[in-house]
1. For a test of the definition: using alpha carbon positions, the gyration tensor, and the 1.5 limit on a/c, classify the stretch 56-137 as rounded, prolate or oblate.
2. Counting heavy atoms of the protein chains only and a 1.4 Å probe, report the per residue accessible area for the stretch 45-183 as a whole number of Å².
3. Enumerate the whole-percent occupancy of each 10 Å bin, from 0 to the last occupied one, for all C-alpha pair distances of the stretch 226-315.
4. I need the fraction of alpha carbon pairs in the stretch 49-198 separated by more than 19 Å, rounded to a whole percent.
5. Using a probe radius of 1.4 Å on heavy atoms only, what accessible surface per residue do you get for the stretch 225-265? Whole Å² is fine.
6. Taking the highest mean first, how do the peptides 279-287, 223-231, 171-179 order by number of other beta carbon atoms within 10 angstrom per residue?
7. Roughly to the nearest percent, how much of the accessible area of the stretch 224-315 is carbon and sulfur, given a 1.4 Å probe?
8. What's the carbon and sulfur percent of the stretch 85-124's accessible surface, probe 1.4 angstrom, rounded to a whole number?
Amino acid sequence: MPQTLAPPARASEAPPAPPTTVQAAAPPDPGLRALAEQYGLTVSGARPPLREYTRRLWARRHFIASFATARLTAMYTTARLGQLWQVMTPLLNAGVYYLIFGVLLHTSRGIPNFIPFLCTGVFVFTFTQSTVLAGTRAVSGSIGLVRALHFPRAALPVAHTLIQLQQLICSMGALAAIVLICGVPVTWHWLLMVPALLLQSVFNTGLALVMARIGAKTTDTAQLMPFVLRTWMYVSGVFYNLSTFTSTAPHAVAVALNCNPALIYIDLMRYALIDTVRAQDLPPHVWPLALGWALLAGVAGYVFFWKAEEEYGRG
């Protein structure tokens, strides 16, 4: 009887695939977790409690100081004038602003000792401005260090604030020389520079911590901040006496302008250095406001940054 041969299977007709079995992820082994707890093993990069985090940050204070000094030295290694630019940069900015606002726009009218008035505002606001810009890139600009070493990430924005503080201290000598050359005498008010600068440093550190967390997640923030800071500078009385505007402005606007932290720290430094700036020229409750802004920004910024400790350097 002749055999009937089945036609050969076509190459395109593959045998049906077996049904796929999806297995759910196994839950963590309780025995493994207990074993890790027995020998003190913890999750890598886990966020410690706030008190422990602060203790670890304080223990690395020498690293913060060394990191800040090294970065400050490296910033000017390629420039022929070197670290002299720490003084020349704010002086050149003050010269440009004097030409525009003092000579062309005549904002110097009614302001005695306008050059010390202007230079003080430029130097003090530059401290805050540079700290915010550096803090925005503190984590994202050191991502290799963040991923390679385990340390409290708050050390980076704190170190960048210290860099800007060192630059301001170097330039304060030039500011004092300008004040003396313009005929302003040395008074005991100069001692008030120390608490004013200390409060501003705490305030700037808080801002740097806030911007470091935001900049680590949204890198476009670094491109936006120069415009925000420029607007902030124009409403902070750097180039003119803001009281001439607040005296005729609506009450709510005057209160908002007088509570501007940048204005408060600038006016405190002017009051300390320039004898023609009197106590009645300062915003109301200037010292409590300076202390309040420092505590609010410092504490809130520190906690805000700490809450995202586990996220830095990942993704």
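1. prolate
2. Heavy-atom accessible area per residue stands at 50 Å².
3. Final binned percentages: 14, 38, 29, 12, 6, 1.
4. 62
5. In whole numbers, the stretch 225-265 has 49 Å² accessible per residue.
6. For the peptides 279-287, 223-231, 171-179, the packing ranking is 171-179, 279-287, 223-231.
7. Solvent-exposed carbon and sulfur of the stretch 224-315 make up 70 percent of the total.
8. About 72 percent, which is the carbon plus sulfur part of the accessible surface.
The values are calculated or read from the model by the stated rules, or taken from the named source; none is laboratory data. Here the structure is a predicted model, which means the values were calculated and not measured. With ideal geometry, Cβ positions are generated from the backbone for all residues, glycine too; neighbour counts draw on all protein chains shown. Accessible surface is based on the protein model in full, side chains and every heavy atom, while ligands, DNA and RNA are left aside. Shrake-Rupley method; radii C 1.70, N 1.55, O 1.52, S 1.80 Å.
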